[in-house]
Amino acid sequence: MLFRRGRESENVEDRRGGGFGGLSLGGRGIGIGTILLLLVGAYFGIDPRLILGLLGGGAPVQVTAPAHKPPANDPEARFVSMVLADTEDTWRALFQKAGRQYQDPHLVLFTGATQTACGLGRAAMGPFYCPPDQKVYIDLSFYDDLKQRFGVPGDFAQAYVIAHEIGHHVQNLLGISDKVQAARQRMGEAQANQLSVRLELQADCLAGVWAHHADRARQVLEKGDIEEGLRAASAIGDDRLQRRTQGYVVPESFTHGTSAQRVQWFKRGIETGSVAGCDTFQNSPL
Ligand SMILES: [Zn+2]
């Protein structure tokens, strides 16, 4: 991926190292909560409201550190910042074309745990997007997991993770998240999970849409990048995660989609570059 000289975003909040809003909960230690989360196979990009029990709402907590560019000697943070900047350019243009205005989200770097408008965010939840404060939260140690536990190294895989979370931001701006959330409350658990899967697959597709346009405008993709992104999408499907963590698969409990579904929708986004083509809610069955 060719991001070495790209623009960096002004919207990165760095809460690492005990900065404002950072909470120390024993660093990256594994607790019971972590293990339970892993057991339900919910690892990547989980909707934090499901975990934090905030479905009924609650006053948003406003914790904002000043956003700035990460320091020059922090290549991983700078890479994330460049990916974020590219999503800003890409989505701003796409929204403009559709006669809408894109609002830049913030991206929060944290270690261990941090306060969010969705409750306490923990590294064990994997990167996530919190709709009420419009922020993406990531503990960069997730990238080590992606490499070591899921066997997916590479910068495009890392960019895909950010692009997926930004996909959730786009869903939020378009009012899709709210609609899904409202509908979920009127249904049983299996059906509600089905809707979550559709929301997640749409975020994968939107990540593909970003990659499509970023590459057309700035030729950011290198040979092998798309395969790398597909491997990441495939490695973190619910079926694979469940097999790895509990040894069997319970389709009704899927909230992110199978590996094959994730690959399929990511691919569709990359190939078509079309937001309308990401209508996972119209495709039944998926
Ligand atoms: Zn997600």
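What follows draws every value from the coordinates through simple rules; no lab data is involved. Nothing here was measured: the structure is a model prediction, and the numbers come from that model. Methodologically, a virtual Cβ is constructed for each residue, glycine included, from the backbone with ideal geometry; neighbour enumeration extends over all protein chains shown.
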In Hz, Karplus ³J(HN,Hα) per residue of segment 168-180 (6.51, -1.76, 1.60; θ = phi - 60°; x = Gly, Pro): 5, 5, 4, 4, 5, 5, 7, x, 6, 4, 4, 4, 5
GLN103 to LYS223: extension gain in nm, 0.36 nm per residue of separation minus the Cα-Cα distance? 40.0 nm
Using a basic spin-label model with each label point 7 Å from the Cα along Cα→Cβ, how many nm lie between ARG216 and ASP144? 4.0
